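Student: Just dropping this structure here.
Quick note: the coordinates plus some simple rules give every number you see, no bench work behind them. Just so it is clear, the model here is predicted, and its values are computed rather than measured. Positions of Cβ are generated from backbone atoms using ideal geometry, with glycine treated the same way; all protein chains shown enter the neighbour counts.
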Amino acid sequence: MRCVERPADLTLLLTRAERLVTRRLKAVLDPLGFSTDAWRVLALLAGGGGHTMSEISDQAFLPPATLTKLVDQLTEHNLVYRRIDPVDRRRIRAYLTPRGKDTHTRITREIEADWADVPLADADLLAALLKRVITTADRSLSPSV
C-alpha cells in the first residue's frame, strides 16, 4: 500500500514540512537577529559569483520591492554589497561581504547544530528527492518551446 494516495497528499505533506522546517529555522534565527528571508538571501549569495536581483527574487520567493528593502538592510549591516553587472550594465549583482561570509558560516553552524538529530543519510536522501520534485515541478511550469 502506498503512503501517498494522490498528488494532493504530497502537496499537503510538502506544505506541512516546509512550515515546520521554517518554524524550526526561525527559532534558530530569531535570537541571532535574522529573518528567514534574510537567511535565504545570505545562503543564496554564499555560493559566490554574485546574483542579479531578479535571480535572488526568484530563488528566495520575494517580490522585487521586498527584496530591495531587505538587500538595503543587509547592505547597511555590511553583509552584502551591490555592483553593476560587468556583462549587462543595466543589471545589479549582489555579493556577500567578508562579514557576510563570516555571518553565513556562523549561522550555518547554528542551523546544523539544531538539525544534528537528522541522520546525514536521511538528509542526503531527502535533498535528492526534493531536487527531483523541484525539477519536475519547474519543468511542468516552464512554457513549452
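Student: With labels modelled as points extended 7 Å from the Cα through the Cβ direction, what inter-label distance (nm, one decimal) is found for residue 13 paired with residue 112?
Tutor: Label-label distance for residue 13 and residue 112, simple model: 2.8 nm.
Student: Find the eigenvalues of the gyration tensor of the Cα atoms of the chain, then list the square roots of 5 times those eigenvalues as equivalent ellipsoid semi-axes, largest first, in whole angstrom.
Tutor: Working: eigenvalues 171, 96, 36 Å².
The equivalent ellipsoid of the chain has semi-axes of 29, 22, 13 Å.
Student: Which one of 90, 82, 109 has the biggest mean-square fluctuation once the chain is modelled by GNM with Cα springs under 10 Å?
Tutor: Looking only at 90, 82, 109, the largest GNM fluctuation is found for 90.
Student: Pairs of Cα atoms under 8 Å, at least six residues apart: use those to get the relative contact order of the chain, whole percent.
Tutor: Relative contact order, the chain: 19 percent.
Student: About its Cα centre, how strong a charge dipole does the chain have in debye, to the nearest 20, once Lys and Arg get +1 and Asp and Glu get -1 at the Cβ?
Tutor: Computed charge dipole of the chain: roughly 360 debye.
Student: Additional query: Taking only Cα atoms and a 10 Å spring cutoff, compute GNM fluctuations for the chain and point out the largest among 120, 20, 44.
Tutor: Fluctuation is largest for 120.
Student: Now for a separate question. Please state the relative contact order of the stretch 1-68 as a whole percent: Cα pairs under 8 Å, 6+ residues apart?
Tutor: It comes to 18 percent, rounded to a whole number.
Student: Can you tally the net charge around residue 117? Count Lys and Arg as +1, Asp and Glu as -1, for every other residue whose Cβ sits under 15 Å from the Cβ of residue 117.
Tutor: Here the charged neighbours net out to -3.
Student: For the stretch 27-113, what's the relative contact order in percent, using C-alpha pairs closer than 8 Å and at least 6 residues apart?
Tutor: Numbers: 92 pairs, mean separation 27.0, N = 87.
Result for the stretch 27-113 is 31 percent.
Student: Now a separate question. Expressed in nm to one decimal, what extension gain is obtained for the pair residue 82 and residue 135 from 0.36 nm per residue of sequence separation less their Cα-Cα distance?
Tutor: Contour length minus Cα-Cα distance gives 16.1 nm.
Student: Considering only 62, 98, 121, whose Cα is most displaced toward the positive end of the charge dipole of the stretch 42-124, charges sitting on Cβ of Lys, Arg (+1) and Asp, Glu (-1)?
Tutor: Final value for the positive-end residue is 98.
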